[in-house]
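Just so you know, all these numbers are worked out from the coordinates, no wet-lab data involved. It should be emphasised that the depicted structure is a prediction, and the values quoted were computed from it without experimental measurement. Note that we place each Cβ from the backbone using ideal geometry, even for glycine, and neighbour counts take in every protein chain shown.
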Amino acid sequence: MEPMNTKADLLNELRIDRKAPPEPPRRRGLWIAVAVVVLLLVLAAAWALFGRDAGVEVRTAPVLAIAAGGASASVLDATGYVVARRTATVSAKITGRVREVRIEEGQRVEAGDIMATLDPIDADAQRALSASQLAAARSQTGSVQAQLAQAEADAARLASLVDQQLVSRAQYDQAVAQRDALRAQLVTAQRNARVAADSLAIADLGVDNTVVRAPFSGVVTAKAAQPGEIVSPLSAGGGFTRTGIGTIVDMDSLEIEVDVGEAFIGRVQPKMPVEATLNAYPDWKIPAEVIAIIPAADRGKATVKVRIAIKEKDARIVPDMGVRVSFLEAPKAEAAEQPRGVRVPGAAIVQRDGAEVAFVLGEDNTVAQRALETGIALGNDRQVLSGLTAGETVVLDPPDTLADGARVRMADTAGR
């Protein structure tokens, strides 16, 4: 009976007890902890993106010191364009087919640099012919010189024999005539050789004319021809012939031309200081000076053209840019007197409670309202006698809602 009891006990051990309590969910707590951590990270990122940058979006500009010599008031404002006094559309001296073009727009070239080459087959053939003609002329000259040397020897020998009456006078005269004829032939041959040499030099010029070079240093602003096209200095062949290889502009010759109304031209004088502002860079004040007043008026527009020199050379200044200029009064010479105040963009000064104020940007992106004592206008800027110092940063066009101590954020000017 003992073996049977043992089998029964084994079967009882294999049975599943469904009344036993389930195993505690250990992993469920772990997942809850992970979810809480992720939620906290999302909230932190949202605060970093939206909470930290809260504030009014503004543009700013620096406060500048006024240059020595005193502030100058604007007596007249005008608009015009940047122009180049030295520009050229470069073409070949001869008509030919373009073989190679070595320029691209924006490329800088120096005087004498090769811009393009033409097919030199015809010019090379002409040069080869001229070289052959020169060689033939020099060969003929050598032959005549050899014959002349023989004729001179014969004439000298017969001269001694005719005195001894060993030969007749007629034979001697014939030898002298032969010698003189060869002398004349030698002169002709030498002149022919010089003509052939000049012809070869002209042929060399023809070969050199197949190479188009830059006449002066500058920047290529237009590429007008491509390999395979026909170019000509004249407008021959209708629309199938190009008249130029490319256009070069000497950037050192840039200046400003403005049209001033006849009623105000009396305010402009040669050597008058000018402040120029490019439309592309409205915050950049460029010092300039009046070169000349063109002595001719435009009857249709009732204006007079004024040339203005740009004193500050910069790669950002390019031809045909629009520009606004302010003609300034000549600064009064006051010995030992330092300029007062600072220079601030006019857009930074606003009215608050009947007083002129500006908002200065602090290190923590908060602004402080400053009461100002202003002076004269400096073009689009203003002279500020007190309230600001050079090197500070002010808010441009502050909104009416901007208050002292408010937080701001910088406007994103990328792509503007």
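Assuming 1.002 mPa s and 20 °C, estimate D for segment 131-259 with Stokes-Einstein, Rh taken as the Kirkwood radius over Cα pairs, in µm²/s. The estimated diffusion coefficient comes to 103 µm²/s. For segment 227-300, the set of GluC sites (Glu not before Pro) satisfying both a DSSP loop assignment and a count of at most 15 other C-beta atoms within 10 Å is given as E229, E262. Couplings for segment 84-98, taken from phi via the Karplus curve 6.51 cos²θ - 1.76 cosθ + 1.60 with θ = phi - 60°, read 10, 6, 10, 9, 8, 8, 7, 10, 7, 6, 10, 8, x, 8, 6 Hz in order; Gly and Pro are left as x. In this structure, the pairs whose alpha-carbon distance is over 18 Å, taken from K223/K311; K285/K311; K285/K305, are K223/K311; K285/K305. Neighbour counting of Cβ atoms within 10 Å sorts the residues E363, E356, E57, fewest neighbours leading, into E363, E57, E356. Taking amide hydrogens as placed 1.01 Å from N in the peptide plane, the amide H of L118 sits under 5 Å from those of R99, V211, V212, each at least 5 positions away in sequence or on another chain. For segment 262-319, the fraction of alpha-carbon pairs lying more than 19 Å apart is 40 percent, rounded to a whole number. Taking segment 124-160 and a reference point 7 angstrom along Cα→Cβ of R169, the backbone N atoms nearer than 17 Å belong to 158-160. Cβ crowding within 10 Å, taken as a proxy for footprinting-reagent exposure, orders D353, D259 from fewest neighbours to most as D353, D259. Ordered by the number of other Cβ atoms lying within 10 Å of each residue's own Cβ, fewest first, V187, V98 fall into the sequence V187, V98.
Derived scalar couplings between HN and Hα for segment 128-144 equal 4, 5, 5, 5, 5, 5, 5, 4, 5, 5, 5, 5, 5, 4, x, 5, 5 Hz in order, rounded to whole Hz, by the Karplus curve 6.51 cos²θ - 1.76 cosθ + 1.60 (θ = phi - 60°), x for Gly and Pro. If you take all other residues with their beta carbon under 12 Å from the beta carbon of I265, and give Lys and Arg +1 and Asp and Glu -1, the sum is -1. Computed 3J(HN,Hα) for segment 299-305, one whole-Hz value per residue from the Karplus formula 6.51 cos²θ - 1.76 cosθ + 1.60 where θ = phi - 60°, is 5, x, 9, 6, 10, 10, 7, glycine and proline marked x.
Name the shape class, rounded, prolate or oblate, that the alpha-carbon gyration tensor gives for segment 179-225, where a ≥ b ≥ c are the square roots of its eigenvalues, rounded holds for a/c under 1.5, and otherwise prolate holds if a/b is larger than b/c and oblate otherwise. Because a/c hits 1.5 or more and a/b exceeds b/c, segment 179-225 counts as prolate.
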